[in-house]
1. Are there any pairs, at least 6 apart or on different chains, whose C-beta atoms fall under 8 Å, with the first in the range 73-91 and closer than 11 Å to residue 48 by Cα and the second part of a loop (DSSP other than H, G, I, E, B) and open to solvent by 20 Å² or more (accessible area, probe 1.4 Å), and if so, which?
2. Which ones in the range 9-38 are open to solvent by 100 Å² or more (accessible area, probe 1.4 Å) and at pLDDT below 65?
3. Going through the range 107-122 one residue at a time, which ones are over 19 Å from residue 55 (Cα atoms) and either open to solvent by 40 Å² or more (accessible area, probe 1.4 Å) or in contact with a His (Cβ under 6 Å, 6 or more places away or on another chain) (or both)?
4. Can you pull out every residue in the range 66-80 that is in a loop (DSSP other than H, G, I, E, B) and open to solvent by less than 40 Å² (accessible area, probe 1.4 Å)?
Amino acid sequence: MTSLVRTMPGRRSGGAAARMAVRVAQVRAEQRANSLLERIRAAAGADQLALVQALILNHAQVQAEFSANDFRDQLADLPHGVLGAAVRGLAASRSITNTGRTVPSTSPDTHGHRIAVYRLPVGAEETQAAA
């Protein structure tokens, strides 16, 4: 009977079901993170967020690659989560590009978890220099 159930059309194998469960969990985690970021953005206010994003883009003009760690000392008084929201907003708008590399976070609150390293998109340096 067990072999019959395994071979029935439309029946997912154990591996496929496990992959689907992992994907569903990833989507739910991303939705929770996005919801949190939206609440942080709303609490920070557009002006504060715009200033932090301008600082990040300005830094990107002189530093080829960077992470949120590069701004922690300058933005020590910033409410929790605003720096991450600013970086994610710039990445979502493709103003900065994830290099695929990570570094340990220097924020004590994160206990050294890995954070992304970013750069300006290819060709953006020349475009912004001409402006």
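The values are calculated or read from the model by the stated rules, or taken from the named source; none is laboratory data. Because the structure is a prediction, the values reported are computed rather than measured. Cβ sites come from the backbone with ideal geometry, for glycine too, and all protein chains shown count toward neighbours. The protein model used for the area step is the full one, side chains on, heavy atoms only, and it has no ligands, DNA or RNA in it. Shrake-Rupley method; radii C 1.70, N 1.55, O 1.52, S 1.80 Å.
1. Every condition considered, the pairs that remain are 82/75; 83/72; 83/75.
2. 9, 11, 12
3. Going residue by residue through the range 107-122, those that are over 19 Å from residue 55 (Cα atoms) are 108-114, 122.
Of everything in the range 107-122, those that are over 19 Å from residue 55 (Cα atoms) and either open to solvent by 40 Å² or more (accessible area, probe 1.4 Å) or in contact with a His (Cβ under 6 Å, 6 or more places away or on another chain) (or both) turn out to be 108, 109, 111, 113, 114, 122.
4. First, the residues of the range 66-80 that are in a loop (DSSP other than H, G, I, E, B): 67, 72-80.
The answer is 67, 75, 78.
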